[in-house]
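What follows draws every value from the coordinates through simple rules; no lab data is involved. Note that the structure is a prediction, hence the values are computed from the model and not measured. For neighbour counting, all protein chains shown are included, and Cβ atoms are generated from backbone atoms with ideal geometry for every residue, glycine included.
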Amino acid sequence: LSIILGCCPERGGPLNICNECTDEERMDGGSHPLMKNLSWGGEDANELRFPWVVTLLATVLITTIVVDILGNLLVIISVFRNKKLRKAGNAFVVSLAVADLVVAIYPYPLVLTAIFHDGWSLGYIHCQISGFLMGLSVIGSIFNITGIAINRYCYICHSLKYDKLFSNKNTICYVILVWVLTILAIVPNWFVESLQYDPRVYSCTFAQSVSSFYTITVVVVHFILPISIVTYCYLRIWILVIQVRRRVKPDNRPKIKPHDFRNFLTMFVVFVLFAVCWAPLNFIGLAVAVNPSLGLAIPEWLFTASYFMAYFNSCLNAVVYGVLNHNFRKEYRRIVLAIFRLPC
């Protein structure tokens, strides 16, 4: 794994002399001490990459940015326009859409710039901001997905207590809490200096090689724990759904309306897609943290693919809502027609 040095290798000279970088050298992607993150194996990842691979990565990212911005704007506008969508649970949906929008507006365009320039040319400050916002987005996403799962669990499995637990005031407090926890979770990255440029993925992102203990903590707290909570909530809902559908005689078990089940199914698909898209990257980081020698054994294409698969997830939620939720689909159509009917 990479060793992060605070010197400018371009200057040359004896190994025991650490020459200070000029501003121009700091603007070069690999010159800043926190942006010098070489690929596993010690060779420059970009020099070994086929042109078609770079084109593919750029195409995936451009598609992600366009669908992410358009789709999540549609989600936010739909919730505010449609009374049927202005429910307490959809506050987390709007919050999740905001988390997805964050990366499409700033970090992803910077990654795209790095792809076109074959390296980071935007300086240290943009690198840190980009890495911070990426972390904010992914942690905010998983925490909001957790909030959605808890909301659906309370609504379906504890319907008598739902209105009290998720009143409008309480729901706003929950959403604020989600973002406070998200910020608290990402701030330590600045203290351990883990936000670095990685040429394999053209991104300023969390460097898994900084600290094995910190990487394990991040994966457990930011991924495995929330995924476990969401899995428990949805498993309980599925058990209740199966019990209700198989019962012969009426009893005191709550009834699940068809539209409630469809709403649950929509959120369940959102969760599954998030887990599938982010699991490879998190488990690679966990494996390398537990056994650093695995870093040399993991193919670079697998590492890169896991990153861009995770990036791609930010544009999927709005599509899922449109496909599986009638109210969202209907409101999407209304918004698009209203836009095209506007005078030039």
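Some notes on this structure:
- Backbone N within segment 64-86 under 20 Å of label point (7 Å from residue 329 Cα along the Cβ vector): 71-86
- Taking only the Cα atoms of segment 51-340, the ratio Rg/Rh comes out at 1.00, with Rh defined as the Kirkwood radius.
- Exceeding the 26 Å Cα-Cα cut-off - candidates 83/164; 83/169; 161/330: 161/330
- Residue 217 versus residue 129: modelled label distance in nm, points set 7 Å from Cα along the beta carbon direction: 2.8
- Segment 205-237 and segment 54-117: distance between their alpha carbon centers, rounded to Å: 23
- Cut-off 11 Å between beta-carbons: net charge of the residues surrounding residue 137, Lys and Arg +1, Asp and Glu -1: -2
- For residue 198, distant residues with modelled amide H under 5 Å away: 203, 204, 205
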